[in-house]
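**Student:** This is the structure I have questions about; it appears just below.
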């Protein structure tokens, strides 16, 4: 019950930040670019016209999973732990009738709730794009086309799980540094470095790095390795949350 109260407190604090608006913008990015690509680009290939509805939710999600979601996660996991630093409120938080475990977990759970909101909003925007496409070209019968619900859900679950390790690592960094720029810079730099390593060198050993795992969940050619990636990501999550909590326990009350 105390954890639920702590989570509710974190949600209320989040409402006074730009975090929710960042969630909406990041969730909107992928569907918006996909719609522009269809409407302004080369259009829909003839052999894809009967499956475009499902492709919007599956193949078009790749841009979200490879770009918008990892960057969003790096920013949000760094931004939310910084609220107390920004408001000089750590003293009030640490002397409150809550254990450090409750404070630590409530902050991490709050991030997961924003991630859930990200996926829900992204699905809604994708559906809105399908409606716009249907209105533009009713002959496609977009909204009458079948959807592969299992594939759609599993793609998002794999994206979520494969980035849990990165989420835990960035959360720990966000709590460690008072300066928002340092953990964000580390995250963004490792994201681009990891992407270059995988794309250019294409070595299987890169799947062991937290900042490259999102690539293996987003591209079909790596589908056979997704289970291994997910298990490593879960392992990283446990390790970095444990390290982060041990570090957080040592935190002292400062004015």
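**Student:** Against the definition (at pLDDT 75 or above, touching a helix residue (DSSP H, G or I) at 6+ places or on another chain (Cβ under 9 Å), on the phi < 0 side of the Ramachandran plot and surrounded by fewer than 18 Cβ atoms within 10 Å (Cβ to Cβ)), how does residue 7 come out, yes or no?
**Tutor:** Values: at pLDDT 75 or above: yes; touching a helix residue (DSSP H, G or I) at 6+ places or on another chain (Cβ under 9 Å): yes; on the phi < 0 side of the Ramachandran plot: yes; surrounded by fewer than 18 Cβ atoms within 10 Å (Cβ to Cβ): no.
Answer is no for this residue.
**Student:** Residues of the range 94-111 being loosely packed, with under 15 Cβ neighbours inside 10 Å and in a helix (DSSP H, G or I), which ones?
**Tutor:** Our first condition is that a residue be loosely packed, with under 15 Cβ neighbours inside 10 Å; within the range 94-111, this holds for 95-97, 99-101.
Scanning the range 94-111 gives 100, 101.
**Student:** Continuing with the same structure: Would you be able to say whether some residue in the range 48-70 is assigned to a helix (DSSP H, G or I) and at pLDDT below 80?
**Tutor:** First pass over the range 48-70, keeping only residues assigned to a helix (DSSP H, G or I): 48, 52-57, 61-70.
Adding the requirement that they be at pLDDT below 80 leaves 48.
Taking every residue of the range 48-70 in turn, at least one turns out to be assigned to a helix (DSSP H, G or I) and at pLDDT below 80.
**Student:** Okay, next question. Would you confirm, using the coordinates I've provided, whether residue 79 is under 22 Å from residue 118 (Cα atoms) and surrounded by fewer than 15 Cβ atoms within 10 Å (Cβ to Cβ)?
**Tutor:** Numbers: under 22 Å from residue 118 (Cα atoms): yes; surrounded by fewer than 15 Cβ atoms within 10 Å (Cβ to Cβ): no.
It is false that residue 79 is under 22 Å from residue 118 (Cα atoms) and surrounded by fewer than 15 Cβ atoms within 10 Å (Cβ to Cβ).
**Student:** Related question: Residue check, residue 91 against (1) part of a helix (DSSP H, G or I); (2) touching a helix residue (DSSP H, G or I) at 6+ places or on another chain (Cβ under 6 Å); (3) at pLDDT below 85; (4) farther than 26 Å from residue 155 by Cα, all met but one. Which one?
**Tutor:** The number of the failed condition is (2).
**Student:** Considering only the range 165-194, state which residues are touching a residue at least 40 places away in the same chain (Cβ under 8 Å) and either surrounded by fewer than 18 Cβ atoms within 10 Å (Cβ to Cβ) or in contact with a strand residue (DSSP E or B) (Cβ under 9 Å, 6 or more places away or on another chain) (or both). It would help to see each step written out before you state the result.
**Tutor:** Taking the range 165-194 first, the residues touching a residue at least 40 places away in the same chain (Cβ under 8 Å) are 165-176, 178, 180, 183-184, 187-188, 191.
Answer for the range 165-194, where residues must be touching a residue at least 40 places away in the same chain (Cβ under 8 Å) and either surrounded by fewer than 18 Cβ atoms within 10 Å (Cβ to Cβ) or in contact with a strand residue (DSSP E or B) (Cβ under 9 Å, 6 or more places away or on another chain) (or both): 176, 178, 180, 188.
**Student:** Let me ask something else. Mind counting the residues in the range 220-235 that are closer than 17 Å to residue 63 by Cα and surrounded by 15 or more Cβ atoms within 10 Å (Cβ to Cβ)? Steps first, please.
**Tutor:** Of the residues in the range 220-235, the ones closer than 17 Å to residue 63 by Cα are 220-223.
From what's left, surrounded by 15 or more Cβ atoms within 10 Å (Cβ to Cβ): 222.
Number of matching residues: 1.
**Student:** May I pose another question? For residue 121, state whether it is surrounded by 16 or more Cβ atoms within 10 Å (Cβ to Cβ), under 24 Å from residue 23 (Cα atoms), modelled with pLDDT under 85 and out of contact with any strand residue (DSSP E or B) (no Cβ under 8 Å at 6 or more places or on another chain). Spell out how you get there, then give the answer.
**Tutor:** Details: surrounded by 16 or more Cβ atoms within 10 Å (Cβ to Cβ): yes; under 24 Å from residue 23 (Cα atoms): yes; modelled with pLDDT under 85: no; out of contact with any strand residue (DSSP E or B) (no Cβ under 8 Å at 6 or more places or on another chain): yes.
The answer is no for residue 121.
**Student:** Can I ask one more? Within the range 30-47, how many residues are surrounded by 14 or more Cβ atoms within 10 Å (Cβ to Cβ) and at pLDDT 80 or above?
**Tutor:** The total comes to 6.
**Student:** Has the range 114-121 got any residue that is in contact with a helix residue (DSSP H, G or I) (Cβ under 9 Å, 6 or more places away or on another chain), without any contact (Cβ under 8 Å) to a residue 12 or more places away in the chain and over 19 Å from residue 167 (Cα atoms)?
**Tutor:** Checked against the condition, which is being in contact with a helix residue (DSSP H, G or I) (Cβ under 9 Å, 6 or more places away or on another chain), without any contact (Cβ under 8 Å) to a residue 12 or more places away in the chain and over 19 Å from residue 167 (Cα atoms), the range 114-121 yields no hits at all.
**Student:** List the helices (runs of 4 or more DSSP H) inside the range 134-231, counting only whole elements, that have at least 3 residues being touching a helix residue (DSSP H, G or I) at 6+ places or on another chain (Cβ under 9 Å) and at pLDDT 85 or above.
**Tutor:** Working: elements: 149-162, 164-176, 181-196, 213-218.
So the answer is 149-162, 164-176, 181-196.
**Student:** Here's another thing I want to ask about it. Output yes when any residue across the range 74-84 is without any contact (Cβ under 8 Å) to a residue 12 or more places away in the chain and over 30 Å from residue 141 (Cβ atoms), and no when none is.
**Tutor:** So the first thing to find is which residues in the range 74-84 are without any contact (Cβ under 8 Å) to a residue 12 or more places away in the chain, and the list is 84.
Next, only the ones that are over 30 Å from residue 141 (Cβ atoms) stay: 84.
Yes.
**Student:** Can you tell me which condition residue 247 does not meet? The list is (1) buried (at least 17 other Cβ atoms within 10 Å of the Cβ); (2) more than 20 Å from the chain's Cα centre (by Cα), and all the others hold.
**Tutor:** (1)
The values are calculated or read from the model by the stated rules, or taken from the named source; none is laboratory data. On a predicted model such as this, the values are computed, not experimentally measured, just so you know. Every residue, glycine among them, receives a Cβ derived from its backbone with ideal geometry; neighbour counts consider all protein chains shown.
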